[in-house]
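Data first, discussion second: the structure below is written as structure tokens.
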Amino acid sequence: MSATGTPAISSPTSSDPFTLWQRIELQLITWTGFLVIRLIGPTLRVAVSFEEGAPKNLEMRPMILSFWHSCIFPAIYVWRNLQIRVMSSDSFDGEWTGRIIRKFGFIKVRGSSSRGAVRGLLGMRKEIGQNSTVAFTIDGPRGPRYVAKPGPVLLARATGAPMVAFHIALENTWTLNTWDKVMIPKPFSRALLRISRQIVVPADADDAERERFHGELQAALDRVREFAEANVKV
């Protein structure tokens, strides 16, 4: 109780960083997101297209996958149950995203490009060392949209694992009014997954070469998006 007799409102602690209302919201968002993906996902008509030099299949290990935040919902379904490691922050948005992806067989690695980046990259490096594939929503968590961050290049240089970009285009969607324009597929929509060629970064790459490979990753992300969106209805 406070000195005035009014019940005191407890503040979040380090062990419980969310308020009671946030915890309720997390449950609602998590289960809503899970049910939307679980109900709509099986209705999608998914085709997969590979560039020359791409991995032969989705199960190749290890890889460093990069994709735009806008196609996170179909990506969760298409890449489900492959034990892919995904870097996600401890923020509210990162928490509900992490809870949803775990229900589809992904493993959350804590960290983000804005906070905890070093911890996240070290965690991803450890996972690659255990022959796991890792994935980045490469313009997340807050944008700018369609601009790749450099984390995958640093990780590829440190581990020798190839970078691979992909995009999933959808024939019919609901598009959310968010910074990333997240796409929720409508039932029975066509979906085209386009996967780029592998990009290997040498361990001795200097700063100029890292910039060049960062440009290659950006180009690959743009290329697979343009191809998928142009051909999803074909």
- [ ] Take the residues in segment 26-61 that are among the aromatic types (F, W, Y) and open to solvent by 50 Å² or more (accessible area, probe 1.4 Å), then tell me which one is farthest from F106 (Cα to Cα).
- [x] F50
Open item on the list: For the structure I just gave you, tell me whether I40 is part of a helix (DSSP H, G or I), modelled with pLDDT under 95 and touching a strand residue (DSSP E or B) at 6+ places or on another chain (Cβ under 9 Å).
Closed with: no
- [ ] Give, as residue ranges, the strands (runs of 3 or more DSSP E) completely inside segment 70-174 that count at least 3 residues that are modelled with pLDDT of 95 or more, buried (at least 20 other Cβ atoms within 10 Å of the Cβ) and over 12 Å from the mean Cα position of the chain (by Cα).
- [x] 163-170
- [ ] Sort out which residues of segment 63-93 are among the hydrophobic types (A, V, I, L, M, F, W, C) and under 20 Å from H214 (Cβ atoms), and write them in order of number.
- [x] M63, I64, L65, F67, W68, M87
Task: Where I64 falls short, out of the listed (1) modelled with pLDDT under 90; (2) open to solvent by less than 20 Å² (accessible area, probe 1.4 Å) - done: (1)
Task: Answer from L217, L192, L221 - the residue that is among the hydrophobic types (A, V, I, L, M, F, W, C), under 21 Å from the mean Cα position of the chain (by Cα) and outside any helix (DSSP H, G or I) - done: L192
TODO: Among the residues of segment 178-211, write down those that are open to solvent by 50 Å² or more (accessible area, probe 1.4 Å), modelled with pLDDT under 95 and of a type in the set (A, V, I, L, M, F, W, C).
DONE: W179
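The values are calculated or read from the model by the stated rules, or taken from the named source; none is laboratory data. In this text the structure is predicted, and so the values were computed from the model without any measurement. Glycine gets a Cβ as well: all are built from the backbone with ideal geometry, and neighbour counts include every protein chain shown. Remember, those area values only see protein heavy atoms, side chains included, never the ligands or the DNA or RNA. Shrake-Rupley method; radii C 1.70, N 1.55, O 1.52, S 1.80 Å.
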